[in-house]
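Undergrad: Attaching a single structure in C-alpha cells format; questions to follow.
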Amino acid sequence: MRIVCAVLVAGLVAVAMAQDPKKTDTPAKSDTPVRARSALPAGWSKIGLSDEQREKIHNIQADYGARVAKLKKEIAGLQKQQRADMEKVLTEAQKTRLREIAAERLPKTGTDPKPADKPGKPQ
C-alpha cells in the first residue's frame with residue numbers, strides 16, 4: 001500500500017512539475033491587461049508581422065477604440081440635445097404633426113409607436 005501511495009504522489013508531483021514550464025512560456029501575455037483582441041486590418045495578417053508588432057497593433061487598436069467609443073457617446077448626446085433644441089422652435093401643432101408623421105412610418109417596420117410618440121400626448 002505504501003508503494004502505491006508513493007507512486008501516486010510521485011506521479012502527481014511529476015505532472016505538476018511538467019505543467020509549470022508551460023505557464024512560464026508566455027509571461028508577456030500574462031502581464032498584459034485582459035481585453036478582447038481585435039482583428040487586424042485587411043491584409044495585415046499576410047505581411048509577416050512579428051508577435052511584438054501584433055501586440056503593439058492590438059494595443060493601439062484598444063487605445064483608439066476606447067477613445068472613439070467615448071467620442072461616439074459624446075456625439076450621440078450632442079445629437080439628442082440638438083434635436084431637443086430644434087423641437088423647442090416648433091409650435092405645439094407642428095410637434096403634433098411631426099409625431100403623426102413618425103407614427104405613419106412605424107407600421108411599415110412592424111413596431112407599435114411608443115406612448116410619447118402617439119399624437120396628442122405631451123412630451
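The values are calculated or read from the model by the stated rules, or taken from the named source; none is laboratory data. Because the structure is predicted, anything quoted here is derived from the model rather than measured. Using ideal geometry, Cβ is built from the backbone for each residue, glycine included, and neighbour counts are taken over all protein chains shown.
Undergrad: Restricting to segment 79-100, and then to whatever is surrounded by 10 or more Cβ atoms within 10 Å (Cβ to Cβ) and not charged (D, E, K, R), can you tell me which residue is nearest to residue 40 (Cα to Cα)?
TA: Looking at residues that are surrounded by 10 or more Cβ atoms within 10 Å (Cβ to Cβ) and not charged (D, E, K, R), I get 79.
Undergrad: Can you pull out the residues in segment 45-64 that are in contact (Cβ under 8 Å) with a residue 12 or more places away in the chain and of a type in the set (Asp, Glu)?
TA: Within segment 45-64, 55 is the sole residue that qualifies.
Undergrad: Any chance segment 67-86 includes a residue that's under 18 Å from residue 39 (Cβ atoms), of a type in the set (Gly, Ala, Ser), at pLDDT 95 or above and assigned to a helix (DSSP H, G or I)? Break it down into steps so the answer makes sense when it comes.
TA: Filtering segment 67-86 for residues under 18 Å from residue 39 (Cβ atoms) gives 68-69.
Adding the requirement that they be of a type in the set (Gly, Ala, Ser) leaves 69.
If we keep only those that are at pLDDT 95 or above too, we end up with 69.
With the extra rule that they be assigned to a helix (DSSP H, G or I), the set shrinks to 69.
Yes, segment 67-86 contains at least one residue that is under 18 Å from residue 39 (Cβ atoms), of a type in the set (Gly, Ala, Ser), at pLDDT 95 or above and assigned to a helix (DSSP H, G or I).
Undergrad: From the set of residues in segment 44-66 that are part of a helix (DSSP H, G or I) and hydroxyl-bearing (Ser, Thr, Tyr), which is nearest to the chain's Cα centre (by Cα)?
TA: Checked segment 44-66; the qualifying residue nearest to the chain's Cα centre (by Cα) is 64.
Undergrad: Inspect all residues belonging to segment 89-98 and state whether any of them is at pLDDT below 95 and either acidic (Asp, Glu) or outside any helix (DSSP H, G or I) (or both).
TA: No, that holds for no residue.
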